Amino acid sequence: MKNIIECKDIKKTYGSGGTEVVVLRGITFSIREGEFVAIMGPSGSGKSTLMHILGALDTPTSGEYFLDGKDVSKLSEDELADIRREKIGFVFQSFNLLPRTSVLRNVSLPLIYANMPKEDREVIAAKALTDAAFPEAFWSYHSNQISGGMMQRVAIARSLVNNPALILADEPTGNLDSKTGEIVLHTFQALNMQHGKTIVLITHESYVAQHADRIIHILDGNIVTDEKNPKKLVARNEKNIPNDNT
Amino acid sequence: MTTRDLFEETYGAVTVNKVRSGLTMLGIVIGIASVIALVAVGQGTQSSIQSSIASLGANLIMVTPGAQRTFGSNVRGAAGGSETLTPSDAAAIESVSNVAAVAPEISGRYQVIYKTNNTNTTVLGTTAAYEQVRNTSIDTGSFITDTDNANSNRIAVIGPTVLQALFAPSADASATPAMAIGNTIKIKGIQFTVVGVTVAKGGSGFNNQDDMIYVPLGAAQHYLLGSSAYLTEVDVEAATQDSMAQVQADITTLLLGDHKIADPTKADFTVLNQASIVSTASSVTSTFTTLLAAIAAISLLVGGIGIMNMMLTTVTERTREIGLRKAIGAKKTDITTQFLAESVMLTFTGGVAGVALGWLAAVLISSFAGIATSVSVPYIFLAFGVSAAIGIIFGYYPARRAAGLNPIEALRYE
């Protein structure tokens, strides 16, 4: 199994001179293809900054970051955009779907920037929605007409359409109640186990982190622990997906 | 992003908030419509003035009594007030080379009576050449002939306005030329027989060639104005357009010699050619058109600022969407293009609606206010171009602002 993520002594500082704030103090780790990793830490620990670097939204001040074998630590803004389009699927805490736009169109949005024809986009988006266990009856609904749990599944489907090397989920259950959160976690586990997707989940809740194969703890910009999760929880899959407004 | 996707995304974004897009577009609609309508009024006025001057006659040179107006001189003899041109001047002008025809004129205003109808109109004494020189056409009957002139026959050719004033059977029935031919009218109490009616030329005010009675020059001198009457004008037709300058110069030299005037600036007559009248009138009306267009352009500018305002609001509102688009791989140029496309779509649609509205306004202005309008095709294309340009100019700053957003901050934006 090749390494999808390889971080070597990543440091990140904001500001300069007297007001300099060091957020990451030298992070080194790697993630292999097909792993389900949770990055845990309290707020202020630097996990969000790490996520931005892993997601090619930002570059480290120093250190090297290889994503799928490619050094992305010193790329320009537009080159980073290409990397994100080709290699990364994002799932955000607040879903970030386009309002008043159909589920299908939301899911196929990343492919627009890959200049893919509409017919091909919709085939791929339909498959992604099926993989994310999103019921077909709601495909033509507008994204603001469905419940929070459903919205997060749309977001997961959207993260799948470009067939990314890495799915990066930032507090994906943060805006959901425990029951719908469970369904979302189940979806991630299914994607990881059945489709072999590499997933990095960023969270501050240890219950959520327990669903991953491996947990990395971050505190004050350093990795404190990085170990296999011996007591991995398996999320329950509710047969009936509730369409309530959570 | 393909063009089709760009169009779909843009259409979706513009139609999401229909009321706001519509109101913003309204600024451009009004701006473009006012440019189209006001320029149409300006150009219509210009072309109607030019055509009424052109209808005076082809290659026309007018010699009038009174001093030439020159720079530095504030004194000018009232037109027709000076008595310097004589029939012998007119005869002398005929010998100038490249002169096709010469029509001397004397005129006065008289009360004209037919049975119980009467009207006050201009009576013009002239010769047969007038018909050719002044581009006058006869509807029914005939114009003054050389024989009429030689014999000072008491015959009259009347304009259509005079025809209606004297021969209309009742207030709401109009007269036909046949009702007039052969009948006798009284001008200043003297009987003249109507032999012809001219075709309506249009025109208004003091230049109305329809409200006129033409009589032989000899008859006018003999019966109306007195045999020693001076000419009020001599109309000369040059043989060709190119010879006009030469004819004008030769007439000036000839008359200066005949009138024994050494200093051309003290000439007691004025030689005007039609082209110079047209160019003077054109420069006045084109200034007028420019002024109207400038006023309309201000409203277009205000519309453009409205677009910019809305686009800035949109960018702020959609900060998270921009963040997301960047996170899933949109480049700066993708975001810039998308927001520019939105503002151009707004202004271009506004431009199309504005052209239609402006055209409609121009048609309504001509039909209700009676002002001639002419919607010019180049201005329509210009209006489309300007509206698209406004979209680009006023959309550029908001689009750059959107494209420059940091994706991390944009995603976090509340």
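Read-outs: derived from the displayed coordinates by stated rules, not from any lab. It should be emphasised that the depicted structure is a prediction, and the values quoted were computed from it without experimental measurement. Every residue, glycine among them, receives a Cβ derived from its backbone with ideal geometry; neighbour counts consider all protein chains shown.
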Could you please rank B:Lys18, B:Lys188, A:Lys87, placing first whichever residue has the fewest other Cβ atoms within 10 Å of its Cβ?
B:Lys18, B:Lys188, A:Lys87
Can you tally the net charge around B:Val215? Count Lys and Arg as +1, Asp and Glu as -1, for every other residue whose Cβ sits under 13 Å from the Cβ of B:Val215.
+1
Take the alpha carbon gyration tensor of the range A:119-174, find the square roots of its eigenvalues, order them as a ≥ b ≥ c, and report rounded if a/c is under 1.5; if not, report prolate when a/b exceeds b/c, else oblate.
oblate
Dipole axis of chain B (+1 Lys, Arg; -1 Asp, Glu on Cβ), positive-most option in B:Pro264, B:Val199, B:Ile155:
B:Val199
Tell me, B:Val215, A:Val37 in order of fewest to most beta-carbon neighbours within 10 Å?
A:Val37, B:Val215
Nearest 0.05, what FRET efficiency do A:Val123 and B:Ile393 give at R0 = 51 Å with Cβ-Cβ as r?
0.80
Quickly work out the A:Glu33-to-B:Thr193 label distance, labels modelled 7 Å from Cα along the C-beta direction, and quote it in nm with one decimal.
11.7
Other protein chain Cβ atoms within 10 Å, averaged over every residue that makes up B:318-328:
6
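Can you tell me, using C-alpha contacts under 8 Å and at least 6 residues apart, the relative contact order of chain B as a whole percent?
Values: 768 pairs, mean separation 120.5, N = 414.
Relative contact order for chain B comes out at 29 percent.
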Run the simple label-point estimate for B:Leu382 and B:Thr140 please: 7 Å along Cα→C-beta, distance reported in nm.
4.7
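Where Lys and Arg each count +1 and Asp and Glu each count -1, what net charge lies around A:Tyr207 among other residues with Cβ under 15 Å from its Cβ?
Details: positive: A:Lys179, A:Lys231, A:Lys232, A:Arg236; negative: A:Glu171, A:Asp177, A:Glu182, A:Glu205.
Its environment carries a net charge of 0.
Report, in debye and to the nearest 20, how large the dipole of the range B:101-161 comes out about its Cα centre when Lys and Arg carry +1 and Asp and Glu carry -1 on their Cβ.
On the way: 4 positive and 5 negative charges, 56 e Å.
With only Lys, Arg, Asp and Glu charged at Cβ, the dipole is about 260 debye.
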Which whole number gives the average, over all residues in A:81-89, of C-beta atoms from other chains lying within 10 Å of the residue C-beta?
4
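What shape does chain B take by its C-alpha gyration tensor, where a ≥ b ≥ c are the square roots of the eigenvalues and a/c under 1.5 counts as rounded, a/b above b/c as prolate, and the rest as oblate? It would help to have the intermediate numbers written out before the result.
On the way: a/c = 4.37, a/b = 2.60, b/c = 1.68.
Prolate, since a/c reaches 1.5 and a/b exceeds b/c.
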Can you tell me the dipole magnitude for chain A around its Cα centre, using point charges on the Cβ only (Lys, Arg +1; Asp, Glu -1), in Debye to the nearest 20?
360
Compute the Cα gyration tensor for the protein assembly as shown, then decide on rounded, prolate or oblate, letting a ≥ b ≥ c be the square roots of its eigenvalues: rounded whenever a/c is under 1.5, prolate when a/b is larger than b/c in the other cases, and oblate in all that remain.
prolate
Rounded to whole angstrom, the alpha-carbon centroid of the range B:361-387 lies from that of the range A:139-204 at a distance of 58
Between beta-carbons, use under 11 Å as the cut-off and find the net charge around B:Arg412, counting Lys and Arg +1, Asp and Glu -1.
-2
